[in-house]
Amino acid sequence: MSNHIEASPIRVLLVEDSLLQLHVIKTILDSEPGIHVVGTAVNGAEALKLLPDLHPDVICTDYHMPVMDGLEFIEHAVKIYPCPILVLSISVQANQTENIFKMLSAGAIDIMPKPKATGGLIGKEEGARLAEKIRILNGVKFIKKNGIRLPNPKPLQCELSRLVIPRIIVIGASTGGPQALEALFLNLNADFSIPIICVQHISNGFLVRMLDWLQSMTNLKVEIAQEKGVPMAGHLYFPPEGKHLEIGVDGGFRISSPSPGEIYCPSIDKLFASVAESCPSSSVGVILSGMGRDGAIGLKKIFDSGGDTIAQDETSSIIFGMPAAAIELGGVCHVMSVVQIAGYLNGLQPYSQAKYNANSLQPY
């Protein structure tokens, strides 16, 4: 007799106003091993009534629906029954990034566009992608939106005290990163002045809208880094879409194209490693929520160079993969929630009041 105990199927609630699409999606998911559709609803109001009895592991919802649309549904659902939510809609195409970030900000964890060519009907290929997304979401923690903004966020006590006068802060994030960045930047002081460089893994076409979205929640000037530009106080930089971003030994930005076969572009490891070389003992590296290991090696290089290093904790991470990988390498000074990270960075600000020379990172 086998001792193997089969895992319980992933319980999915579908919210979709088209009865045809609802039938197609349910049929596809019920045919997938380990997934079971436990309930369906044709609008958000109906879905809210089902939540207490169905106890879904993952919710899959459309955006535009009568009575209560997907955005309003998510805002209510995260308070009543917090669990991972996937938006499956024809209104979250690559060029509809305003809709995408509205849904992410409301509490959705992931987005998947329906195919426009078929009027939203998904086929076998899209069904397989949908099932894979649901399996991934089943393994993540839902982070409640309440408490995302605190008047005076307090950091945890440091695991390894390391005095660093930071000339620059570098941040790496992937899956769950936009939500983490939202919480981080909302809680930075209004007069925060240390230059920040950030790498966020994101699909092509979404970068500019994400930057617009982040600009709405911070006093920092959010912009795309330019070749040979210099990080300036009070600015937040991202690499150009589809490019790597590094800091040269002269303190200027270096932009490069990916090599064939590279998994990550932009690469967090590349940015962090360049900062370890160009700003030894005077940088702070932060690794946030994300899948995989990008950033772990680079963060260890910052640590080994004498810099300060922080990993987002498991409780506040949507995906703990990247922070966990960095912790395993032994290159992390502090492990904190994303809001506590903001408090910690705010505490570093008194050490970086010097103005920055326009031609160098060296303070004068």
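The values are calculated or read from the model by the stated rules, or taken from the named source; none is laboratory data. What you see is a predicted model, and the numbers here were worked out from it, not measured in a lab. Cβ: placed from backbone, ideal geometry, glycine included. Neighbour counts: every protein chain shown. Keep in mind that these areas ignore ligands, DNA and RNA; they rest on the heavy atoms of the full protein, side chains included. Shrake-Rupley method; radii C 1.70, N 1.55, O 1.52, S 1.80 Å.
A compact table of results
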read-out	value
Some residue of the stretch 212-234 being part of a strand (DSSP E or B), among the hydroxyl-bearing types (Ser, Thr, Tyr) and modelled with pLDDT of 90 or more	no
Close pairs from the stretch 25-37: first in contact (Cβ under 8 Å) with a residue 12 or more places away in the chain, partner of a type in the set (Lys, Arg), Cβ under 8 Å, at least 6 apart	28/124; 34/135; 35/135; 36/11; 37/26
Close pairs from the stretch 89-106: first closer than 13 Å to residue 202 by Cα, partner aliphatic (A, V, I, L, M) and open to solvent by 10 Å² or more (accessible area, probe 1.4 Å), Cβ under 6 Å, at least 6 apart	100/111
Residue list for the stretch 209-234, filter: without any contact (Cβ under 8 Å) to a residue 60 or more places away in the chain and aliphatic (A, V, I, L, M)	211, 214, 217, 220, 222, 224, 225
Positions within the stretch 93-112 being touching a strand residue (DSSP E or B) at 6+ places or on another chain (Cβ under 7 Å) and over 20 Å from residue 180 (Cβ atoms), in sequence order	93, 112
Residue list for the stretch 273-307, restricted to those being assigned to a helix (DSSP H, G or I), open to solvent by less than 10 Å² (accessible area, probe 1.4 Å), in contact with a Gly (Cβ under 6 Å, 6 or more places away or on another chain) and more than 18 Å from residue 317 (Cβ to Cβ)	302
Criterion violated by residue 272 - all others in (1) over 19 Å from the mean Cα position of the chain (by Cα); (2) within 24 Å of residue 234 (Cβ to Cβ); (3) modelled with pLDDT of 95 or more satisfied	(1)
Selected residue (only one of 56, 66 is over 20 Å from the mean Cα position of the chain (by Cα), in a loop (DSSP other than H, G, I, E, B), crowded, with 21+ Cβ neighbours inside 10 Å and not β-branched (Val, Ile, Thr))	56
Those residues of the stretch 237-264 which are crowded, with 18+ Cβ neighbours inside 10 Å and among the hydrophobic types (A, V, I, L, M, F, W, C), in sequence order	238, 245, 247, 253
Failed condition for residue 201, given (1) at pLDDT below 95; (2) more than 28 Å from residue 187 (Cα to Cα)	(2)
Test for residue 209: is it under 26 Å from residue 278 (Cα atoms), open to solvent by 70 Å² or more (accessible area, probe 1.4 Å), outside any loop (DSSP other than H, G, I, E, B) and basic (Lys, Arg)	no
Any chance residue 255 is part of a strand (DSSP E or B) and free of Cβ contacts under 8 Å to residues at least 60 places away in the same chain	yes
Criterion: modelled with pLDDT of 95 or more, open to solvent by less than 10 Å² (accessible area, probe 1.4 Å) and under 22 Å from residue 115 (Cβ atoms) - qualifying residue of 15, 42	15
Exclusive hit being surrounded by 22 or more Cβ atoms within 10 Å (Cβ to Cβ), modelled with pLDDT of 85 or more and more than 23 Å from residue 321 (Cα to Cα), set 169, 85, 90, 100	100
